[in-house]
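Data first, discussion second: the structure below is written as structure tokens.
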Number of protein chains: 2
Amino acid sequence: MTITDDNTSVRNGVDTAALFATLDVVRQQPELAEFQFRATNRWISGTHNRSTINGYHGAGQEHARVHNFGYDADHPPVLTGGDQGPTPVEFLLHALAACLTSGLANVAAARGITLHEVSSTVQGDINLLGILGLDRDVRNGYSRIKVTFTVRGDASPEQLRELVERSQRRSAVLDVLTNGTHVEVDVCTV
Amino acid sequence: MTITDDNTSVRNGVDTAALFATLDVVRQQPELAEFQFRATNRWISGTHNRSTINGYHGAGQEHARVHNFGYDADHPPVLTGGDQGPTPVEFLLHALAACLTSGLANVAAARGITLHEVSSTVQGDINLLGILGLDRDVRNGYSRIKVTFTVRGDASPEQLRELVERSQRRSAVLDVLTNGTHVEVDVCTV
């Protein structure tokens with residue numbers, strides 16, 4: 001266990017004692033690891049719509065946040081949208097950066113490495129001939145996503161690089177974006 | 001071209017004249033379809049971090065929004081986070097619902113179908129034994145995502161169902177989430 005200056009087990013804002021305790025509990029009751037996350041979305045006008053994120057199931061029970069999280073999405077004017085929010089594909093880039101960064105902070109804390117900065121830029125290349133239906137040989141989604149991290153902390157460059165490696169090996173979003181997952185779509189037309 | 005009651009080409013908030021004009025322009029200059037979207041992220045504390053979304057390249061030039069879009073992400077308390085934002089994987093569900101819904105509204109407008117409601121719920125099942133490193137046989141990401149749409153509009157149930165089908169066939173986010181894409185991660189440790 002890492003003890004920091006303020007005599008707690010908190011490093012980088014991560015409570016490592018709680019983190020290790022959580023791992024121990026789940027190791028003994030693996031069914032607690034089954035989670036279901038959810039979002040609901042409502043169309044507003046044109047390509048503008050809004051999602052609400054709140055409740056989820058996990059650790060054997062339902063959970064609710066104090067407030068709903070709400071997110072607008074839209075297309076930009078160049079795609080005849082109103083720019084009331086980012087495009088849906090931009091949220092994928094946010095999700096990827098966030099997932100890798102959260103994991104990195106946990107791993108650094110667990111290894112006793114104090115971080116000073118973690119920042120990243122994510123770029124996604126996409127040829128819209130796919131979604132516009134103008135070329136059957138062009139896929140709908142990103143052809144390539146590139147993440148560039150800057151990491152500063154009390155460790156060697158090799159150790160800092162290894163934090164990013166480790167966060168990649170344990171990232172839920174990276175897994176879905178690189179390997180895909182099963183998606184089922186149902187429709188009710190009442 | 002669809003002419004609605006107010007004598008414009010706007011239906012469901014979609015300017016179909018502009019949409020078809022855009023398609024014509026891109027058909028003649030396919031290089032305009034090359035886009036790059038971006039997000040930047042900064043670690044705040046623990047699993048809490050924030051992304052900024054603004055500039056993108058597309059239609060042959062750089063574009064900037066009037067304001068930055070900013071999004072917090074965090075882990076919930078049950079995963080020793082501070083709940084300062086949704087989890088990164090929840091943003092994937094929002095992105096999926098938003099992409100399918102935007103596409104659906106465009107397709108409906110192009111087909112002259114007036115929509116009254118489009119709402120959806122997205123559920124993603126994930127076993128955290130993967131990201132917690134407790135079971136090598138469990139993947140890190142979602143094992144399954146389920147989207148349930150409710151669509152009401154001036155068309156038959158079959159036609160409304162066909163809108164969802166079509167939006168699936170033209171969805172950038174659905175493509176990435178089901179088929180995956182190439183992701184490259186670089187690190188700078190200065």
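The values are calculated or read from the model by the stated rules, or taken from the named source; none is laboratory data. Since the structure is predicted, the reported quantities are computational estimates derived from the model, not experimental observations. Backbone-built Cβ (ideal geometry, glycine too); neighbour counts: all protein chains shown. Remember, those area values only see protein heavy atoms, side chains included, never the ligands or the DNA or RNA. Shrake-Rupley method; radii C 1.70, N 1.55, O 1.52, S 1.80 Å.
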Residue within segment B:85-96 that is at the interface with chain A (Cβ under 7 Å from one of its Cβ atoms) and more than 17 Å from the chain's Cα centre (by Cα) present: yes
Residue within segment A:82-90 that is outside any loop (DSSP other than H, G, I, E, B), open to solvent by 10 Å² or more (accessible area, probe 1.4 Å), touching a Ser or Thr at 6+ places or on another chain (Cβ under 8 Å) and of a type in the set (Gly, Ala, Ser) present: no
Residue that is farthest from residue A:43 (Cα to Cα), among those in segment B:110-152 that are assigned to a loop (DSSP other than H, G, I, E, B) and among the aliphatic types (A, V, I, L, M): B:134
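Just name the residue that is nearest to the other protein chains (Cβ to nearest Cβ) out of those in segment B:156-188 that are part of a loop (DSSP other than H, G, I, E, B) and open to solvent by 30 Å² or more (accessible area, probe 1.4 Å). Don't jump to the end; show me each part of the working.
Here is the first cut: in segment B:156-188, the ones part of a loop (DSSP other than H, G, I, E, B) are B:156, B:170-171, B:180-181.
Add one more test, that the residue is open to solvent by 30 Å² or more (accessible area, probe 1.4 Å), and what stays is B:156, B:170.
Numbers: B:156: 8, B:170: 5 Å.
Across segment B:156-188, the extreme among qualifying residues is B:170.
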Matching residues in segment A:23-43 - criterion: being of a type in the set (A, V, I, L, M, F, W, C) and buried (at least 20 other Cβ atoms within 10 Å of the Cβ): A:33, A:35, A:37, A:39, A:43
The one condition in (1) in a helix (DSSP H, G or I); (2) touching a residue at least 60 places away in the same chain (Cβ under 8 Å) that residue B:78 fails to fulfil: (2)
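Among the candidates B:103, B:124, B:46, B:58, single out the residue that is open to solvent by 10 Å² or more (accessible area, probe 1.4 Å) and either out of contact with any Pro (no Cβ under 6 Å at 6 or more places or on another chain) or at pLDDT 95 or above (or both).
Working: B:124 fails: open to solvent by 10 Å² or more (accessible area, probe 1.4 Å); B:46 fails: open to solvent by 10 Å² or more (accessible area, probe 1.4 Å); B:58 fails: open to solvent by 10 Å² or more (accessible area, probe 1.4 Å).
After applying the criteria, what remains is B:103.
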Near pairs, Cβ below 9 angstrom, 6+ apart or cross-chain, from segment B:111-127 (farther than 24 Å from residue B:20 by Cβ and of a type in the set (Asp, Glu)) to any residue that is open to solvent by less than 20 Å² (accessible area, probe 1.4 Å) and in a loop (DSSP other than H, G, I, E, B): B:125/B:142
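For segment A:12-66, how many residues meet the condition of being part of a loop (DSSP other than H, G, I, E, B) and either among the charged types (D, E, K, R) or more than 9 Å from chain B (Cβ to nearest Cβ) (or both)? Break it down stepwise before answering.
The first filter runs over segment A:12-66 and keeps only residues part of a loop (DSSP other than H, G, I, E, B), leaving A:12-13, A:29, A:46-47, A:54-55, A:59-60, A:64-66.
Next, only the ones that are either among the charged types (D, E, K, R) or more than 9 Å from chain B (Cβ to nearest Cβ) (or both) stay: A:29, A:55, A:60, A:64-65.
So the count comes out to 5.
Only one residue in A:95, A:64, A:17, A:110 is open to solvent by less than 20 Å² (accessible area, probe 1.4 Å) and either more than 26 Å from residue A:174 (Cα to Cα) or among the aliphatic types (A, V, I, L, M) (or both). Which one? Steps first, please.
Numbers: A:64 fails: open to solvent by less than 20 Å² (accessible area, probe 1.4 Å); A:17 fails: open to solvent by less than 20 Å² (accessible area, probe 1.4 Å); A:110 fails: open to solvent by less than 20 Å² (accessible area, probe 1.4 Å).
After applying the criteria, what remains is A:95.
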Given (1) among the polar types (S, T, N, Q); (2) modelled with pLDDT under 95; (3) under 21 Å from the mean Cα position of the chain (by Cα), index of the condition residue A:80 fails: (3)
